[in-house]
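Below is one structure; the comments refer to it alone.
Please treat every number below as a calculation from the coordinates, not as lab data. Please read these numbers as outputs of a predicted model, since none were measured by experiment. So basically every Cβ, Gly included, is an ideal-geometry build from the backbone, and we count neighbours across all protein chains shown.
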Amino acid sequence: MTRMSSGLNQHRRTLAVICLAWTLGIVVLHLWGESNYTRAEWAVRDHLMTNSLARTSPQHPDLVYLGIDEAAKTLDSVFADDIEQSRGLQLMKQQSYPWNREVYGLMIDRLAKAGAKAIVLDVLFPQPSPNDAPFRAALERWSDRVVIGTNFTESAGDHKSAHILPTHALCPPPGKNWLGFVNVRPDDDQIVRHVRYRTSALEYAGIEVADGEELLSLSGRALEKAGYGARIPQTHAPVAIRYCPEIQPLSVHEIFVEAQWAAPPYEGGKLFRDKIVLIGASGNIGMTGQTSDDRLNTPFGVMLGPKIHLSAINAALNRDLIRETSPLANVSLILLAGLLAWLLGARVASRNLRLLLLALLLAGYYGGAQLLYNSAGLLPILLGPMLVLGGSAMTWTVFEQARDVREQQRVRRTLERYVSRDAVREILDNPASFLNSLGGERRSISVLFSDIRSFTTMTESADPHALVAQLNEYFDEMVGIVFAHEGTLDKFIGDAVMAHWGSIATAGPETDARRAVTTALEMRAALARLNTGWQARGLRQLAVGFGINHGDAIVGNLGCAAKMEVSVLGDAVNLGSRLEGVTKEYGIDLCLGESLAPLVRDAFILRSVDLILVKGKTQPIEVFTALAPRPPGTAEPAWLARHEEAVRAYRRGDFDTAEAAWLDVLAAEPGDALASIFFARCAALRENPPPGEWTGVFTMSGK
């Protein structure tokens, strides 16, 4: 219980560190105003304002947009008779854009006489013109209704601004004001989300002052002229607005075409009665009539300046100004997200349930923010709390997964000390495997047995500590070779090693068999190296015999509910064990069963051993040994052919011929144990011929 409690506390402490790191990191980014984070925050909020569920501000019925577009510039669609009947059209045709300024005076007169509350020209007139007088006269006549633009310019080097007024002839006299600044300053990411309704020249330049001449924006002055001054925000700070992207312009030249003026939608000027009419660029015409376009990036994409001014007017008319959560509220939301992330990890153990709840919390927060924006005009921060919540939860999930992987690896390494790697992989990675049940399967396998010669005698006189250390060193080397060739270690039987291929995972009978023989040959070579080292350290050298067989066996998780062991059983397995014992009889260290030999003959140089009848069997089997691998182009030893001739002669009972052939083998390979054994056996059989019919089968008396 104490260990479990300690683990739980460590779990919560780690989770707390993760959540705290995310929370403090996001708080620092938020308060520091790091540009990339701020831009990402606004990008997320832009989606909140522009997605299909977001509410935009509907176009107020008191707004009309007259566009200075290509049709007005060229008048290509206007009949000559209509042009002759209108001085405004005549002036527009005589002088290409920018037009004779008398045109603007005529526009003001026509709209004012139609009953427009405010006539807003989103056009700048910084330079004098020969035709300023009639325009000035119109401004004077309708000074209580007209607005024209001014502009703040900024120098790139020192960011100082200058307030550019219209030419002196168009400036208002004392006591009157028809000016409004047209500037809309974007946020740091060059996207316009806020507008200023009020400022002063010094404030716009970034100089904080307690007083100074207050200047109204084009939209602010339009609201004032139309009698909506109370709806102009009192703050000099930028204000977020709810956009009205649906406002579409009518071509301004149409008000001079009498047929169109009399028809819908104008209806003799009724369209403009008690309306705020904004005249400004639309299509490809710039605000000043020069080459630069009055185009700005907004959350809704690129938008012409007049449309932004119209959205600002529209937002004030509809009371659709957006409030943003305060810095204190923002930090509180981030801290709350960190707390929720900690509770999610500390209280919900199921990883899948936690991810589901995380998704619900994120969706719920976004949905709540959407609801607040749509219904209350409140725009909360989004990225910060969602990053803390999602980042903490995902970091914790990744940490848990890494911890689980480490634990699985630890368990795997522990199990592999007692169970085959293949069995561990199958049991842990494949829960549906037959190894996870008490059932079994019949499979074609190759099985290897190895046994240390005279090990029992060694244990009687050896130092126990030294013997176990030497044996473990031997096992480390041998088992490493088994694993290197994809073998399954079945068990240690005292000093013996049992391994098999094709039982749990198979690469095909031929490949499994070749891997088994390769393992035995490499174990033989490794033993030679170990013996050299042991001899140098004064330790006894070891001799090992190997038996390999191939055939069908039952593979299963053998045992009971308390203890189970992956193993193989069957006649092929038993014969493999017998073959290991056969090596003692013939003075060799490796015996291969007859069912294995055809699978490996092309890959190894094989040598026939004998036809034997092992204990417990009624049918003899042919036994082989492997001398070495057979790479392409490798020639067999010259004496091997004589050995095979001797074996054939021996089996047909021609002992004289067999004896002579083995004598040649011994001449080529002095001391060859197998040739010596058969040479002596032939001599004995020649002196005492076997009774009855000769079969060439040798009966094993022991295992």
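Here is the link list: Lys73/Lys270; Lys73/Lys117; Lys176/Lys225; Lys176/Lys307; Lys73/Lys307; Lys491/Lys617. Which ones come out longer than 23 Å on Cα distance? With Cα atoms farther than 23 Å apart: Lys73/Lys270; Lys73/Lys117; Lys176/Lys307; Lys491/Lys617.
Please report, in whole Å³, the volume per residue of the convex hull around the C-alpha atoms of the chain. Numbers along the way, then the final one.
Values: hull volume 223.9 nm³, N = 703.
Normalising the Cα hull of the chain by residue number yields 319 Å³.
With a 10 Å Cβ neighbour count serving as the proxy for reagent exposure, in which order, fewest first, do Cys591, Cys171 appear? The partial results should precede the final answer.
Details: Cys591 30, Cys171 17.
Neighbour counts put them in this order, fewest first: Cys171, Cys591.
Two decimals is fine: what's Rg over Rh for segment 516-618, C-alpha atoms, Kirkwood radius as Rh? Walk me through the numbers before you get to the answer.
On the way: Rg = 16.6 Å, Rh = 15.8 Å.
Radius of gyration over Kirkwood radius for segment 516-618 works out to 1.05.
Packing, taken as the mean count of other beta carbons within 10 Å per residue, orders the peptides 396-402, 216-222, 682-688, 44-50 from highest to lowest as 216-222, 44-50, 396-402, 682-688. When His500, His30 are sorted by how many other C-beta atoms sit within 10 angstrom of their C-beta, beginning with the fewest, the order is His30, His500.
Distant-in-sequence amide contacts of Asp610, defined by a placed amide H-H separation under 5 Å and a gap of 5 or more residues or a different chain, comprise Val623.
When segment 59-319 is described by a simple charge dipole with +1 on each Lys and Arg Cβ and -1 on each Asp and Glu Cβ, the residue from Pro186, Ala162, Ile119 located farthest towards its positive end is Ile119.
Just how far, in whole angstrom, is segment 44-97 from segment 248-264 if you go by their alpha carbon centroids? Segment 248-264 and segment 44-97 have Cα centres separated by 10 Å.
Sorting 354-366, 475-487, 104-116, 250-262 by average packing, meaning the other beta carbons within 10 Å per residue, from highest down gives 104-116, 250-262, 475-487, 354-366.
Note on segment 670-685 and segment 356-417: Cα centroid distance 78 Å, given to the nearest whole angstrom.
Using the number of other C-beta atoms within 10 angstrom as an exposure proxy, rank Glu213, Glu580 with the fewest first.
Ordered by Cβ neighbours within 10 Å, fewest first: Glu213, Glu580.
In terms of its alpha-carbon gyration tensor, segment 59-319 comes out prolate; a/c meets the 1.5 threshold, and the first ratio a/b outweighs b/c.
So what's segment 421-635 giving for Cα Rg divided by 2.2 N^0.38 Å, two decimals? Show your work: numbers first, answer last.
Details: Rg = 17.6 Å, N = 215, 2.2 N^0.38 = 16.9 Å.
So the Cα radius of gyration is 1.04 times the expected 2.2 N^0.38 Å.
Ranked by the mean number of other Cβ atoms within 10 Å per residue, highest first, peptides 462-468, 452-458 order as 452-458, 462-468.
When the Cα atoms of segment 24-138 are enclosed in a convex hull and the volume is divided per residue, what value in Å³ results? All intermediate terms of the calculation are to be shown ahead of the outcome.
Numbers: hull volume 25.7 nm³, N = 115.
Considering the Cα atoms of segment 24-138, their hull volume per residue is 223 Å³.
For segment 596-703, the alpha carbon convex hull comes to 121 Å³ per residue, rounded to a whole number.
DSSP beta bridges in segment 59-319, what fraction antiparallel, as a percent rounded to 5?
40
Considering only Pro629, Gln619, Leu223, the residue lying farthest towards the positive end of the dipole of the chain is Leu223, judged by Cα position with unit charges set on Cβ. Over the Cα atoms of segment 161-258, the radius of gyration divided by the Kirkwood radius equals 1.01; this is the Rg/Rh ratio. Converting phi to 3J(HN,Hα) with the Karplus coefficients 6.51, -1.76 and 1.60 and the offset θ = phi - 60°, segment 490-505 yields 7, 5, 9, 10, x, 8, 8, 10, 10, 9, 8, 10, x, 7, 9, 10 Hz in sequence order, with x at every glycine or proline. Using Cα atoms only, what is the angle between the long axis of helix 351-376 and the major principal axis of the chain, expressed in degrees (0 to 90) to the nearest 10? Result, in degrees: 0.
Using the Cα centre as the reference, give the magnitude of the dipole from point charges on the C-beta atoms of the chain (Lys, Arg: +1; Asp, Glu: -1; all else neutral), rounded to the nearest 20 debye. Could you put the intermediate results ahead of the total?
Working: 69 positive and 77 negative charges, 421 e Å.
So the dipole magnitude of the chain works out to roughly 2020 debye.
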